[in-house]
Amino acid sequence: MMKETTARLGERLSLALKTINVSPAALGAAVGVDKSVVSRWLSGKVRPSGHNLTRIAVEIARHRPGFSTLALEGSDEEFRRALDLAVQGVASGAAQGPPGDPSVLPIPYDLVNASRNEVARRGDEYFGHYDVHYWSFTQPGRIARLALMLRPAQGLIEARYGARGFEFRGWALLLQNRLYIQLAELRHDAMLYLVTNAGQQPRAALISGIILGPSDGNLMPTASGVILTRAGEIEGRIDADDRAFEARADGDPFAGGDATPATVRDLLESLRPGGAGAAQWLFRVNYLDGGKGL
């Protein structure tokens, strides 16, 4: 029975390391043991001591907040839920109940973990401060410029977006060279989405895509082509990066006047309905005459 338990623990450790994209050598360094010791754990030949098991759980929890030794030694369902993995016996893509927190809604098909793996491989290509340019929804012919920050958090990409007087917060999923950014705004329970064609760049400098969100006080849903241009780097310190974002976001979206770079203006022009690049986008741009939106 002990051998079976040790072998099962080895299988779970192997799955956990694969899921969080951590090598045996990296786990050994975090726990304070040689890689060969980790290899024996993973093979199921040796069971980690209670002290080392706690350290292992702490390292996994860095990538999966809330993970504990209870998950390692609990039922298969508890273990898989703690890793944000699909529960065996539940049809792939079927809706699953939240793992303990009723405010958490899982995304089907294990996309969150797929994104975590992509972020671990090349998320640093996209971390940074950006200017977000798009045709104004309420002032036709003018280009709005807002601030966006993308930074690593919980193995994913945290996003903050806004200008003077409002802010959206949320997350970005990196999937197959696309950034899917979902953001929420507190005051009006509003949502905003960006789908970008991020591509593969050594350091993303210009990203094109679509922005969909509320255009005015009535929360009229409106879409437009959008261009992101890199404006700076993050420091990796939460407080400092927050201050940098808030300083950039404390501005008038139209303060630049006609100072939008010609390259950005030309790209946005091509994404207007009827523009040279409009055929590749499935959206319709609405130009509103009034309101206090952007």
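For the reader, a short list of remarks on this structure follows.
- Paramagnetic label zone (point 7 Å from Cα along Cα-to-C-beta, LEU186; backbone N under 19 Å) in region 234-254: 238-251
- Full-extension gain in nm, ALA205 to ILE107, via 0.36 nm per residue minus C-alpha separation: 32.4 nm
- For region 156-237, applying the loop criterion from DSSP together with a ceiling of 13 other beta carbons within 10 Å to the trypsin sites (Lys or Arg not before Pro) yields ARG164, ARG187, ARG203, ARG237.
- If R0 is 35 Å, the Cβ-Cβ spacing of GLN154 and ASP266 corresponds to a FRET efficiency of close to 0.40.
- Cβ-based net charge around ARG248, under 14 Å, with every Lys or Arg adding one and every Asp or Glu removing one: -3
A short reminder: the numbers here are calculations on the coordinates, not readings from a lab. This structure is a prediction, so every number in the text was calculated from the model and none was measured. Please note: Cβ atoms are built from the backbone with ideal geometry, for glycine as well, and neighbour counts cover all protein chains shown.
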